[in-house]
Amino acid sequence: MHLVTLLIFLSTIDLFAQEITKQEYIDTYKDIAINEMDRSGIPASITLAQGLLESKNGNSRLATKGNNHFGIKCHDWKGQKMYHDDDERRECFRKYKSAGESYIDHTDFLMNSPRYEFLFYLDETDYRGWAKGLKKAGYATSPNYANSLIDIIEENELYIYDKPQKLKKKRVNKDLADIDKQEFEITEPHRKILVRNRINYILAREGDTYQSITEEMEMMPFELARYNEFARDSKIEVGQLIYLQPKRRKASVEFKYHTVEEGENMYHISQMYGIKGKHLYRMNRMKEGDEPEEGVILNLRKAKKPDQVEAE
C-alpha cells in the first residue's frame, strides 16, 4: 500500500475510533441532565435526547469545537462565538468552555424564553408533551423533530432518568451508635423556583393564595403585591406567574421587541418579560392605563425614537 494512502487510512481509523457512542454519551451526561431537571423541571430524558440529536452523540463540529450540544445560535450572545453552516451558510452559534456550561445554558435558554413558558406547566415525566411542545414553539425547523426526540428517548429508555431522584445520607456519628448505619431519605418540597430576566419566580399551584405563598416563601406581607403589581386580595390562578423578586427596567438582552397578540394587555406583557409596568409604558411613549392594539410592536429594552413612533 502506498505510504500516503496508508497514512490516510490509519488516520480515518483513528478518527472513527474516537467517536462517542450513544451509550457513552448518555453515561457521561445523564447526571448533569438530572441536576438540570431538579433545578428547572425540564425532563432529563428531553435534555439528553436533544443533546444526542443536536450534537450527533457529541461528535458534531459544534460539540467538539465549541462544546455546543444543543445547537443554540448566538441571539445577542455576549460570550465566545463560532460560525457553522446550518439553515444558512456561516450562521453564528454560541461557544462554551465546557459541555457542562452548554447544558446549563440550554436550561436557562428555555426558562428565560416566554415562548417556552407553557412547557413548564407539564409534568417532569411527560416527555412526549415536552417533545411536541418544543416543536410547536419552534426550537427546530425539522417537521419530525418531536418524533425524533420521542424515538431516542424510548429506544434508549431515557425516561428512567425522569423519576424523582431521592437523596440518601448515612449518619456516621459515633455517639449515636444505634443509628450509625441507618439511612435517611432527604426530600425537598416540590416547588420549582424558576428564573426569568434574572428574577426568581414560581408558577402557582392548586390551592395557592397570596397569604400561603407569602408564608411559604417567608416573605414580608407587602412584597408579592409590590413585585407583581397586583393587590394583596387578588385571586391567584393555577399556573399564574408569581415573581419573588422585583421586576426590572427592561427585558433580557435576547428580547428587544414584542408583537401584541389578541387578548394581551400591558400587564400581561410586563409579567411575561419581567419588566416593571411603568418602564414598559415609558419605553413605548404610552400613557399609563392605555392598552396597545393587536399587532402593535412594543419595545422591550429602550425607547423608540420619535420618527420610529410616527412610522408605526
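The values are calculated or read from the model by the stated rules, or taken from the named source; none is laboratory data. Please read these numbers as outputs of a predicted model, since none were measured by experiment. Here the Cβ is made from the backbone with ideal geometry for all residues, glycine too, and neighbour counts use every protein chain on show.
In this structure, does G274 turn out to be touching a residue at least 60 places away in the same chain (Cβ under 8 Å) and either among the small types (G, A, S) or assigned by TED's automatic domain parsing to the domain that holds L110 (or both)? Criteria met by G274. Taking every residue in the range 130-142 that is within 15 Å of I152 (Cα to Cα) and pairing it with any residue that is of a type outside the set (G, A, S) and at pLDDT below 90, at least 6 positions away or on another chain, the pairs with Cβ-Cβ distances below 7 Å are W130/L119; W130/L122.
For M286, the requirement of being farther than 19 Å from P114 by Cα, more than 23 Å from the chain's Cα centre (by Cα) and at pLDDT 90 or above is met. Looking across G58, G41, one residue alone is under 13 Å from the mean Cα position of the chain (by Cα), at pLDDT below 95 and surrounded by 20 or more Cβ atoms within 10 Å (Cβ to Cβ). It is G41.
If you go through the range 239-272 and keep only what is surrounded by fewer than 19 Cβ atoms within 10 Å (Cβ to Cβ) and of a type in the set (G, A, S), you end up with G239, G263. Residues of the range 115-145 that are in a helix (DSSP H, G or I) and either among the hydroxyl-bearing types (S, T, Y) or not assigned by TED's automatic domain parsing to the domain that holds C74 (or both): Y116, Y121, Y127, Y145. Residue under question is T28, and the condition is that it be assigned to a helix (DSSP H, G or I), modelled with pLDDT of 90 or more and farther than 18 Å from Y139 by Cα; does it hold? It is true that T28 is assigned to a helix (DSSP H, G or I), modelled with pLDDT of 90 or more and farther than 18 Å from Y139 by Cα.
Selection of the range 92-114 for residues being outside any helix (DSSP H, G or I) and not basic (K, R) yields C92, F93, Y96, S98, N112, S113.
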